[in-house]
Every structure is written in C-alpha cells, then in structure tokens.
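Undergrad: Once you've had a glance at the structure underneath, I'll fire off some questions.
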Amino acid sequence: MEANGIPVGLAVDGANRNDMKLARATLEGIAAERPAPAAGAPQGLCLDKGYDFGEVREIAEEFGFTAHIRCRGEEAQEVKRQAGRKARRWVVERTHSWMNRYRGILIRWSKKPENYIAMLHFALALITYRATGLFG
C-alpha cells in the first residue's frame with residue numbers, strides 16, 4: 001500500500017501464515033514502477049510489529065527500502081506515557097476493512113485459488129478507482 005492506502009502489490013497465502021513470511025512475496029508483487037532509491041531520496045517502508053524480524057529488515061534493504069518497523073510493545077508503551085493519545089491505526093488495516101465489504105473476499109467461497117486471486121484483483125481495482133476521486 002502506498003501512503004493513502006492504494007494497493008500496489010498482492011501476495012496470497014493461508015490465513016494462519018505469519019506476516020513476516022510473506023514480506024518477500026509482497027515486495028516482489030509490487031506492480032507499480034518504482035523510481036530507483038537514491039541517497040537523497042530514500043524510500044520508506046512502514047510495517048507493523050508483525051514484521052519486527054531481522055530477516056524482514058534485510059529483505060527491505062535488499063529491495064532498496066528504508067524499513068520503519070515498530071518494535072513489539074513500543075506503541076503500547078508510548079500510548080501509556082501520553083494520556084489521551086490513541087494508538088495509530090495503520091493505513092493497511094483501513095484498506096483491509098475496505099476489502100471486507102466484498103463478500104467473496106471476506107468469506108472465501110472460491111475453491112480454486114485463481115478465482116480468489118481474481119476477486120482480490122477486482123476488489124483492489126475498485127478500491128483504487130474510488131480513491132482516484134473519479135466518482136465525484
């Protein structure tokens with residue numbers, strides 16, 4: 001996802017799979033053309049604490065990203081220190097909630113993985129189209 005929640009890549013695996021196991025597949029699945037990262041203009045990759053592993057940091061560096069990964073428990077400690085501050089909701093979670101509006105994705109009815117992936121692509125295309133503001 002880019003900063004506004006527009007999906008730029010897709011990786012699919014079982015529901016019980018740890019997020020960090022899909023880091024490489026997700027970065028390889030980025031369909032958008034990326035500019036080459038430069039020293040003066042690094043490209044950040046914001047990830048939640050589910051990706052707090054050295055392997056993920058190495059993969060991000062391999063792809064030319066500067067990893068911004070919350071350590072486990074870091075956000076909870078920050079919320080405790082600052083009264084009235086709520087935990088930050090990640091953009092990716094918001095986009096996942098948009099995807100949950102599509103019944104065929106929320107509950108996987110498709111037996112064939114190709115059909116499920118096609119449904120994901122269709123839903124993500126609609127999300128992207130709506131985010132462009134062309135609906136008015």
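The values are calculated or read from the model by the stated rules, or taken from the named source; none is laboratory data. Remember, predicted model here, so these are calculated numbers, not experimental data. Positions of Cβ are backbone-derived with ideal geometry, glycine not excepted, and every protein chain shown enters the neighbour counts. SASA here: full protein model, heavy atoms, side chains in, ligands and nucleic acids out. Shrake-Rupley method; radii C 1.70, N 1.55, O 1.52, S 1.80 Å.
Undergrad: What value in Å³ per residue do you get for the convex hull of the alpha-carbon atoms in region 1-68?
TA: 96 Å³
Undergrad: Related question: Would you work out which of Ile117, Ile105, Gly133 lies farthest towards the positive end of the dipole of region 88-136, given +1 charges on the beta-carbon of Lys and Arg and -1 on that of Asp and Glu, about the Cα centre?
TA: After comparing all options, I get Ile105.
Undergrad: Excluding ligands, DNA and RNA, what is the solvent-accessible area per residue of region 9-69 at a probe of 1.4 Å, expressed in Å²?
TA: 64 Å²
Undergrad: Compute the distance in nm between two label points, each set 7 Å from the Cα along the Cα-to-Cβ direction, one at Cys46 and one at Ala131.
TA: According to this spin-label approximation, the distance is 1.2 nm.
Undergrad: Continuing with this model, one more query. Once you place label points 7 Å from the Cα toward the Cβ at Asn16 and Asn115, how far apart are they in nm?
TA: The two pseudo-label positions are separated by 2.4 nm.
Undergrad: Ranked from highest to lowest mean number of other Cβ atoms within 10 Å per residue, what is the order of the peptides 45-52, 100-107, 24-31?
TA: Peptide ranking by packing, descending: 45-52, 24-31, 100-107.
Undergrad: In addition: Gain in length, Ala32 to His96, computed as 0.36 nm per residue apart minus the alpha-carbon separation, to one decimal in nm?
TA: In short, 21.1 nm is gained.
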